[in-house]
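What follows is one structure encoded as structure tokens, with my remarks underneath.
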Amino acid sequence: MRSGRMVSRRRRGCRLSAGAVALLLWAAPPADSPVADAAMRGDAEAVETLIARGADVNIPQGDGMTALHWASERADAALVRVLLDAGADVTPVTRIGDYTPLHLAARSGSAPAVKALLEAGSDPRAVTATGAVTPMHFAAGAGNSEAVAALARHGAGIDARESDRGQTPLMFAAANGRVDAVRALLALGADLTLRTRVVDIVDLAAVDREAGEARDAVLEEFRAQAEAPRTWRPTPEQVRAAVRAGHEVQRSRMQAASDREEPEAAPDAFPGYTGLVSAQGGMTALLHAVREGHSETVLALLDAGADIDGVSGGDHTGPLLMATINGHFDLAMTLLGHGADPRIASDAGATPLYGAINMYWAPKSRYPQQQAYQQQQTTYLELMGALLEAGADPNARLTRHLWYMSYTFDLLRVDTQGATPFWRAAYGTDVEAMKLLVAYGADPSVPTMKPPERRRRDADAEDPSGLPPVPVGGPGVYPIHAASGVGYGEGFAGNSHRHAPNGWLPSVRYLVEELGVDVNARDHNGYNAVHHAASRGDVELIHYLTEHGADVMAVSRRGQTTADMANGPYQRTQPFPEALALLEGLGAHNNDNCVSC
């Protein structure tokens, strides 16, 4: 009837805007699927009236949704039975995704609808076109144990894997904290040891790059053959040919990778983001539950025999570390109380102890950091103390920078390879954490490791620092540099770094006066603590360091004096006039090389 009114208005000369027409078309139910339209609205009375008038219950809407799909989606078991009694077909699938009514009933968590559809002959093993997800996956994710049991009775795969990551129904249930579904699946014999697919990020990036080059080569060949190469635009057929070429490269490379028994060694060069991530996946159901912080589900899995120290297949992160780096400190304490080993480290050398301090002082980043730690009863210091009491190594070092410390857009310009928990506490200017770690044997003299260097324009320039060269893997940045402001004169650390409020001077004072560290220690770039304090304009700390013998005349490997570091050494880093005047007054030379002036 709405369609008819729109036509009559047009006949009277009323002009509707394109937006108004679109709105009316969207609001108006299509005329060719009245039963599906009524089911979509949840209007059971209209559905029954249409059935009584002889309407076809199987006519789908444009996207393939039938009335049975909609009743299943709405978890309306009564309407599902009405439609089945009226001859509704259980086999149609949606145009996008190939969802059957059973998929939607399972996803909605309606056991009565699931049972009715199974009794009517629905296929419990049907898979969607996107991800090959089964009704059992959806039922597990929705958490309905009765639906899970009904599907199992009709032959659904308990350990079926979806095609994207290889997740099982148990993983769906665990990740969503569906403890009843977890217990039901375990009672049915679900395998606790199964893992998701491991993805080699470095290899995947190389495959994508080669596929892109193959596509570009095909398109370039078409361009060269065109009559007017400058104005040439590919036809749909040419685009498809280029895409096929890319897919062929991907297939051949992935096949070659699957034939290798061991992954190819990573090149000895600056790793970049993909090299830091290295590999992902290999997650068990327990790791899924831990990552999301579902304590009750975690306990159910442990009671069923899940390995409390079972690490992921990708980067070998264990449950205790997984809980810690995601800010689930209460759950980490629970795992520790159940015997989790605090010494297990990931491939990057991350331990739960390092993860606790790193999580609490996580830098601000363009991708949001985990904030779960703010809702915990357990503080990071309490967790650190418990980990140390349980035997955590306070001197365990990272073997590479953690990709999740600040994600892909790293503003810190600090590579934490080789960092210890004490170093990380110093970088957070967290004196209380530093003292806790020292009480358990932390070595305050351990620096990070010098990383492979990015190529710089001045890479071949003479080193005026007078310091011997430091090899890759040699001493990088010491705790006193971390506590005085490393990175602030080398990037945009000031926009990202988080640390204890007013912690600069107290942390440096603790290092110097109580631990006896060298105020003139130089990092791998030749900076001393005064350089870093100057890059922040920290007059108070400059005074303290110089009073304790710090050399204001030190020159970095790039030729920067301490005064230069207070004079805008990096783009958009403004000079600090007071600090600059102080350093010049102490004899430091100002080369007037302000980058941001």
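Nothing in this text is a laboratory measurement; each read-out follows from the coordinates by a stated rule. As the structure is a prediction and not an experimental result, all values here were calculated from the model. With ideal geometry, Cβ positions are generated from the backbone for all residues, glycine too; neighbour counts draw on all protein chains shown.
Annotation: Cα Rg of the range 198-255 relative to the compact-globule expectation 2.2 N^0.38 Å equals 1.32. Note on Tyr407, Tyr99, Tyr570: ascending count of other Cβ atoms within 10 Å places them as Tyr407, Tyr570, Tyr99, the fewest first.
In terms of surrounding Cβ atoms within a 10 Å radius of their Cβ, Lys115, Lys435 rank from fewest to most as Lys435, Lys115. Where a ≥ b ≥ c are the square roots of the eigenvalues of the C-alpha gyration tensor, would you call the range 493-578 rounded, which needs a/c under 1.5, or, failing that, prolate if a/b is larger than b/c, or oblate? Oblate.
Extension gain, Arg366-Asp551: 0.36 nm per intervening residue step, less the Cα-Cα distance, totals 62.9 nm.
The helix-only estimate of mean residue ellipticity at 222 nm for the chain, built from DSSP H runs of length n ≥ 4 each weighted as -39500 (n - 2.57), is -12500 deg cm²/dmol after division by the residue total. In the chain, the longest principal axis of the Cα atoms and the axis of helix 2-11 are about 90 degrees apart. When you filter the GluC sites (Glu not before Pro) in the range 462-547 for DSSP loop state and at most 11 other Cβ atoms inside 10 Å of their Cβ, you are left with Glu462. Counted residue by residue at 0.36 nm each, then reduced by the alpha carbon distance between them, the extension gain from Ala226 to Ala132 reaches 29.7 nm. Distance between the pseudo-spin-label points of Lys435 and His338 (7 Å out from Cα toward the beta carbon): 3.5 nm. For Lys450, the aspartates and glutamates whose Cα falls under 20 Å of its own Cα, not counting residues fewer than eight places away in the same chain, are Asp268, Asp347, Asp410, Asp415, Asp458, Asp460, Glu462, Asp463, Glu490, Asp518, Asp523. Label positions at Glu237 and Ala187, each projected 7 Å from the Cα along the C-beta direction, are separated by 6.2 nm. Distance between the modelled labels on His589 and Arg209, one decimal in nanometres: 4.2 nm (7 Å Cα→Cβ projection).
Counted by neighbouring Cβ atoms within 10 Å, the residues Ser163, Ser465 run from fewest to most as Ser163, Ser465. Seen through its C-alpha gyration tensor, with square-root eigenvalues sorted a ≥ b ≥ c, the chain comes out prolate because a/c lies at 1.5 or above while a/b is bigger than b/c. Is the shape of the range 30-187 best called rounded, prolate or oblate, per the rule: a/c under 1.5 gives rounded, else a/b larger than b/c gives prolate, else oblate, with a ≥ b ≥ c the square roots of the Cα gyration tensor eigenvalues? Taking the square roots of the gyration eigenvalues as a ≥ b ≥ c, the range 30-187 is prolate.
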